[in-house]
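For reference, the structure is listed below as structure tokens.
The values are calculated or read from the model by the stated rules, or taken from the named source; none is laboratory data. Model, not experiment: these values are computed from the prediction. Note that we place each Cβ from the backbone using ideal geometry, even for glycine, and neighbour counts take in every protein chain shown. Areas reflect the complete protein model, heavy atoms only, side chains present, ligands, DNA and RNA absent. Shrake-Rupley method; radii C 1.70, N 1.55, O 1.52, S 1.80 Å.
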Amino acid sequence: MTQTVRVPKARQLVPRTRVIHALDVEDLDKALTIANAIEPYVDSIKLSYPLILAEGPQAIGAIKEAVKVPILTCFKVADIPEISHRIMKATLDAGADGVTLHGFVGRDTVRECIKVANEYNAQTLVIAEMSHPGAEEFMQPVGEKIAEMAKNLGATGIVAPATRPQRVKRYREIIGRETIIAAPGVGSQGGHVGDAILMGADYEIIGRSIYQAKDPAETAKQIQHQLRSRLEGKRPIPLIQYARHDAV
Ligand code: O7M
């Protein structure tokens, strides 16, 4: 008897609006309302502990069903390879199209996570340097090595701080054009809309500035206008179609 093999159908990140929305609310109904309203202005919706701990992993599938953009989950995986493998599988089985993981844990864990993601055709974003001030203490000194490792292992991309656009520029120099950069820290953390992209990022990750706004859809639309005019005014780095989930 032939066995049915699960055909992975992860949605792929495509740079259109160049915004990833971090939908860090705790209530699924609220998340669904916001997801539907802001979808035209974002390339992906990123879900994290606040929603998943409150509503369970089925919230990933519920949001995914409501929108067409890829769903990233942000558990920032950072465990030994065997446990990371199981976290990845559970997350991807729940419907995630892409995941975030830490790079500081080393290449065995990162390689394992990328291997699992590839089986699902899913995207991997490896955190090189975080956006908060504390990241300068321990992460920044090793961030460039992490970025290089992530690229060499075939990660889809890295995460670098929009709060320090010069660092984004440095990461772009290190990893070249094939590996994407997603940059959090815009708005609530002090980063300006467009700075990270002008320094070489592909996406800016924006959370509270949108979901805490009185009118999230209108705010997301305004952010999109602001981003467009900044990029048009300053000759943006050309858009590239990214879909790297091959070779580890
Ligand atoms: O715009 P905010 O500050 O409300 O939200 C930022 C989102 O990006 C939030 O979901 C954070 O968990 C996430 N993030 C950072 O803020 N800084 C980082 O260095 C990394 C992330 C992240 O998404 O890692 C993948």
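See the values below:
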{"read-out": "Residues (buried (at least 19 other Cβ atoms within 10 Å of the Cβ) and in contact (Cβ under 8 Å) with a residue 24 or more places away in the chain) located in the stretch 44-61", "value": "S44, I45, K46, L47, L51, E55, A59, I60"}
{"read-out": "Filtered residues of the stretch 113-139 (kept if within 11 Å of the ligand (Cβ to nearest atom) and assigned to a helix (DSSP H, G or I))", "value": "A135"}
{"read-out": "Any pair with Cβ under 6 angstrom, 6 or more apart, that starts in the stretch 215-230 at a residue that is open to solvent by 80 Å² or more (accessible area, probe 1.4 Å) and ends at one that is among the aliphatic types (A, V, I, L, M)", "value": "Q226/V193"}
{"read-out": "Residue, most open to solvent (accessible area, probe 1.4 Å), within the stretch 9-43, restricted to residues that are under 18 Å from A96 (Cα atoms) and of a type in the set (S, T, N, Q)", "value": "N36"}
{"read-out": "Filtered residue count, the stretch 24-55, keeping only those that are of a type in the set (S, T, N, Q) and touching an Asp or Glu at 6+ places or on another chain (Cβ under 7 Å)", "value": "1"}
{"read-out": "Hey, E178 more than 9 Å from the ligand (Cβ to nearest atom) and assigned to a loop (DSSP other than H, G, I, E, B) or not", "value": "yes"}
